[in-house]
Amino acid sequence: MRDPYLYPDSDVLKNLARIQDSEELKNMEADYTLLRLSEIAEDESPTQFDYQTLCELHYRIFQDDLVEQKRKAGAFAGRDQRDGKFV
């Protein structure tokens, strides 16, 4: 069984923009990431840099997640699944 998170006959993750071309999807993700990083660069620097700060930065950078469906643990892109196991 093919990875259900990918478009058929493709290694591209299903996404909210319905982009099936990997290069186009990479470019769109890069645009969103650049936008969020530029917003962060305009802010004041954090007074402390700890785990919570890192989590907040991660969220801000990747808040525009284009993934159509959140993956379950153990799912890997481009892998075939047989009998409930990824091989």
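Listed by first and then second residue, the pairs linking a residue in segment 54-67 that is within 15 Å of residue 43 (Cα to Cα) to a residue that is at pLDDT 85 or above and among the acidic types (Asp, Glu), with Cβ atoms under 8 Å apart and 6 or more places separating them unless they lie on different chains, are 60/39.
Return the residue satisfying two criteria in turn: it lies in segment 23-42 and is open to solvent by less than 70 Å² (accessible area, probe 1.4 Å) and without any contact (Cβ under 8 Å) to a residue 12 or more places away in the chain, and of such residues it is farthest from the chain's Cα centre (by Cα). Here the residue is 38. Among residues of segment 5-19 that are over 10 Å from residue 67 (Cα atoms) and open to solvent by 20 Å² or more (accessible area, probe 1.4 Å), those with a beta-carbon under 9 Å from a residue that is in a loop (DSSP other than H, G, I, E, B) and hydrophobic (A, V, I, L, M, F, W, C) at least six positions away or on a different chain give the pairs 11/77.
Exactly one residue among 76, 86 is open to solvent by 100 Å² or more (accessible area, probe 1.4 Å), touching a Phe, Trp or Tyr at 6+ places or on another chain (Cβ under 7 Å) and modelled with pLDDT under 70, and that residue is 76. Residue selection: residue 57 satisfies the criterion of being surrounded by 11 or more Cβ atoms within 10 Å (Cβ to Cβ), modelled with pLDDT of 85 or more and of a type in the set (A, V, I, L, M).
The values are calculated or read from the model by the stated rules, or taken from the named source; none is laboratory data. None of the values given here were measured: they were computed from a predicted structure. Methodologically, a virtual Cβ is constructed for each residue, glycine included, from the backbone with ideal geometry; neighbour enumeration extends over all protein chains shown. The accessibility values were calculated without ligands, DNA or RNA, using every heavy atom of the protein model including side chains. Shrake-Rupley method; radii C 1.70, N 1.55, O 1.52, S 1.80 Å.
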